[in-house]
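Before any comments, here is the structure.
The values are calculated or read from the model by the stated rules, or taken from the named source; none is laboratory data. Because the structure is predicted, anything quoted here is derived from the model rather than measured. Positions of Cβ are generated from backbone atoms using ideal geometry, with glycine treated the same way; all protein chains shown enter the neighbour counts.
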Amino acid sequence: MSLSSVFDLRKPNVDTKYTIIKRNIKNPRLEFKHGDLFVIVPTRGVFDVEAFVTRHTRWIKKHAAYYESLKVHADKFVLEPRLAADFQKLVISCLDEAAQYYKVTPKELRFKTMRSRWGSCTNTGIITINLKLRYFSDDIIRYVVCHEIVHMRVRRHDRNFYALLAETFPDFKDMDKNLTAYEYLLHKSEVFDYKFPKQA
Ligand SMILES: [Zn+2]
């Protein structure tokens, strides 16, 4: 169990707003989550947050710039109000299409709400698709399904994997970027999605 408390501070020497979280940890660390900066510090002892943040200014600026460009990119998209049943139908048709193209036979398709992955594919051919994708565009859904189908041919993200994926999505790098933009939009729409451990 970790103990946490949250403060909002704005320090003049780093023009990125950050939130301090106290936790039962030994070493402090910085974390960017969906564009917001968190400074996680040990619960015990006295810790100079300002000095720590100042020491990592370069790292912070680099990541802040990335999220700024992501925000601008995300402005091009809107979340789709798609029904779960329509989403599942769409996934099944994308799965059939990709399986036929790549000449593979998935054993099972599962849907699940996941925190950190859009899809997965086991060695035995069980494909799991994150239900959160239902808010994203048709082509993003098709892209994620296709990615998992390609894993039935190549397990790892190596050169062969991307060569196969590029047969269907020559612009897969753009698709990844768009997927990240959608993820950002979804996070911003889910105010309560981001959970910290409760104060013990
Ligand atoms: Zn993968």
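Looking at this structure, is Val78 surrounded by 11 or more Cβ atoms within 10 Å (Cβ to Cβ), over 22 Å from the mean Cα position of the chain (by Cα) and not in a helix (DSSP H, G or I)?
In short, no.
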Could you run through the stretch 93-117 and say how many residues are acidic (Asp, Glu) and exposed (fewer than 15 other Cβ atoms within 10 Å of the Cβ)? 2
For Val49, which of the numbered conditions (1) closer than 23 Å to Leu179 by Cα; (2) surrounded by 14 or more Cβ atoms within 10 Å (Cβ to Cβ); (3) not assigned by TED's automatic domain parsing to the domain that holds Asp176 fails to hold? (1)
Residue count, the stretch 99-133, condition in contact (Cβ under 8 Å) with a residue 40 or more places away in the chain, touching a Leu at 6+ places or on another chain (Cβ under 8 Å) and under 22 Å from Tyr184 (Cβ atoms), comes to 2
One residue from Thr180, Thr168 being of a type in the set (Ser, Thr, Tyr), surrounded by 12 or more Cβ atoms within 10 Å (Cβ to Cβ), away from the ligand (no atom under 11 Å from the Cβ) and at pLDDT below 95: Thr180
Strands (runs of 3 or more DSSP E) fully within the stretch 96-159 counting 1 or more residues that are touching a His at 6+ places or on another chain (Cβ under 8 Å) and within 13 Å of the ligand (Cβ to nearest atom): 119-121
Being at pLDDT 95 or above and not polar (S, T, N, Q) narrows it down to one of Asp75, Asp138, so name that one. Asp138
In the stretch 60-75, what residues are within 21 Å of Glu190 (Cβ to Cβ), surrounded by 13 or more Cβ atoms within 10 Å (Cβ to Cβ) and of a type outside the set (Ser, Thr, Tyr)? Leu70, Lys71, His73, Ala74
